[in-house]
1. Tell me which residues, restricted to the stretch 130-189, are under 28 Å from residue 91 (Cα atoms), in contact with a helix residue (DSSP H, G or I) (Cβ under 8 Å, 6 or more places away or on another chain) and in a loop (DSSP other than H, G, I, E, B).
2. Mind checking which residues of the stretch 66-93 are part of a loop (DSSP other than H, G, I, E, B) and closer than 13 Å to residue 49 by Cα?
3. Please work out which residue is nearest to residue 73 (Cα to Cα), limiting yourself to the stretch 88-108 and to residues that are touching a helix residue (DSSP H, G or I) at 6+ places or on another chain (Cβ under 7 Å) and surrounded by 15 or more Cβ atoms within 10 Å (Cβ to Cβ).
4. Within the set of pairs 6 or more residues apart or between chains, which connect a residue that is touching a residue at least 12 places away in the same chain (Cβ under 8 Å) and on the phi > 0 side of the Ramachandran plot inside the stretch 137-155 to a residue that is surrounded by 15 or more Cβ atoms within 10 Å (Cβ to Cβ) and part of a helix (DSSP H, G or I) with Cβ atoms less than 6 Å apart?
5. Regarding residue 64, is this residue at pLDDT below 90 and surrounded by 14 or more Cβ atoms within 10 Å (Cβ to Cβ)?
6. Of everything in the stretch 158-193, what is within 25 Å of residue 40 (Cα to Cα) and without any contact (Cβ under 8 Å) to a residue 60 or more places away in the chain? Give them in sequence order.
7. Would you check if there is a residue in the stretch 110-124 being without any contact (Cβ under 8 Å) to a residue 12 or more places away in the chain and in a loop (DSSP other than H, G, I, E, B)?
């Protein structure tokens with residue numbers, strides 16, 4: 001059930017490794033989702049839950065997704081060496097959460113040039129797409145994408161009936177109203193003084 005990968009990766013990924021404050025920055029959307037902001041964030045971003053290849057535990061990442069011809073696609077900004085992509089190599093079953101709901105899915109690496117170009121054409125107006133292309137030495141042109149498509153890491157997520165990792169719960173939804181109530185009480189106490 002392993003996802004097939006090309007034998008050789010052409011691209012080098014100059015994006016900074018996520019350590020220290022960068023790691024917190026990249027994990028902060030998960031906190032926002034737990035706070036109950038999933039319906040807002042999920043219009044553009046998906047929470048992808050994979051199974052850790054070593055730990056066997058649920059692992060989560062937030063990534064921008066695109067729906068093209070009914071299939072959910074995700075470009076991996078850090079290439080196929082990202083932990084979440086490597087988790088999917090070991091076990092392609094994933095849970096995808098968007099504003100539209102939760103989907104049990106099976107991931108596959110898109111290796112066909114025609115499909116890569118089709119998804120590029122559907123997503124090319126996204127500023128992130130231009131940054132991604134330039135980071136691997138591809139011009140934002142369909143012909144250059146066609147010629148160098150193997151430098152990109154694109155994953156497709158298709159529905160499955162298989163058991164997938166548990167979705168991320170909005171278990172901190174109480175925090176925002178509690179903070180709002182505390183702020184209101186502080187403002188009232190200050191006005192009374």
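1. Within the stretch 130-189, 136, 152, 153, 168, 169, 170, 171 meet the criteria.
2. 91, 92
3. Per the stated criteria, the residue is 107.
4. none
5. In short, no.
6. 159, 174, 177, 178, 179, 180, 181, 182, 183, 184
7. yes
The values are calculated or read from the model by the stated rules, or taken from the named source; none is laboratory data. Computed from a predicted structure; not experimentally measured. As a convention, Cβ positions derive from the backbone with ideal geometry for all residues, glycine included, and neighbour counts pool all protein chains shown.
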